[in-house]
Amino acid sequence: MILVFFAIYSASGIVAGARLFENLFAVSCPTALVAGAAATILDTALRGFLAVRCTDTVQASLVIFALLIAPMVVLSLLWPRMTRNGALAGMLVGAAVVLVWKQYTPFGLYEMVPGVLLATLAIVVVSRLGAAPSAAVRQTFAQVQQEYAAAHR
């Protein structure tokens, strides 16, 4: 169905372009039609390329942002052992996985899946290898969990 309407849209653009060339440059109708068709095809191709490029850029930005933030936020709310260094490692690993995975795309798997898994793994490993959070941080975490549980009973 979309092809029918696209064909009508393209034909109207070609005819309008032909009329423009015919009136502006005083050329014959067949010559103006060829020029109008060429201009319409070129315009459609360039705009299509720009739209795809912009869409891919926005999508990649959102994926990278999600990989930088999501594992860190989820683990910081659920796991009291997460540290600042673990969060930074998760952000770096998540971004690196997306950039590398997008280029090589092994196994045909979308880059978000291994990115989240590896970012989460990096957060856990680096947080476990480093010093535990201070007693004050653990106490604040426990207090916030208690307040949340009390508010949602």
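Observations on the structure shown:
- Only listed residue being out of contact with any Phe, Trp or Tyr (no Cβ under 9 Å at 6 or more places or on another chain), charged (D, E, K, R) and closer than 30 Å to V144 by Cα, chosen from R19, R84, R47: R84
- The criterion of being in contact with a helix residue (DSSP H, G or I) (Cβ under 8 Å, 6 or more places away or on another chain), over 30 Å from S10 (Cα atoms) and either touching a residue at least 12 places away in the same chain (Cβ under 8 Å) or not aromatic (F, W, Y) (or both) holds for A60.
- Qualifying residue in segment 132-151 (condition: in contact (Cβ under 8 Å) with a residue 24 or more places away in the chain, more than 17 Å from V63 (Cβ to Cβ) and not in a helix (DSSP H, G or I)): yes
- Candidates L50, L68, L78: the one that is under 30 Å from A96 (Cα atoms), surrounded by 13 or more Cβ atoms within 10 Å (Cβ to Cβ) and within 28 Å of the chain's Cα centre (by Cα) is L68.
- Taking segment 81-97 as the range and being within 21 Å of the chain's Cα centre (by Cα), at pLDDT 90 or above and not hydrophobic (A, V, I, L, M, F, W, C) as the test, only G90 passes.
- Filtered residues of segment 100-117 (kept if touching a residue at least 24 places away in the same chain (Cβ under 8 Å) and more than 12 Å from A70 (Cα to Cα)): K102, E111
- Residue that is modelled with the lowest pLDDT [pool: residues in segment 98-153 that are surrounded by 11 or more Cβ atoms within 10 Å (Cβ to Cβ) and either basic (K, R) or at positive phi (or both)]: T105
- Of the residues A45, A39, the single one that is surrounded by 14 or more Cβ atoms within 10 Å (Cβ to Cβ), assigned to a helix (DSSP H, G or I) and either touching a residue at least 60 places away in the same chain (Cβ under 8 Å) or aliphatic (A, V, I, L, M) (or both) is A39.
- Residue ID - nearest to V137 (Cα to Cα), chosen from residues in segment 63-120 that are in a loop (DSSP other than H, G, I, E, B) and polar (S, T, N, Q): T83
The values are calculated or read from the model by the stated rules, or taken from the named source; none is laboratory data. What you are looking at is a predicted structure, and each value in this text was computed from that prediction instead of being measured. Cβ: placed from backbone, ideal geometry, glycine included. Neighbour counts: every protein chain shown.
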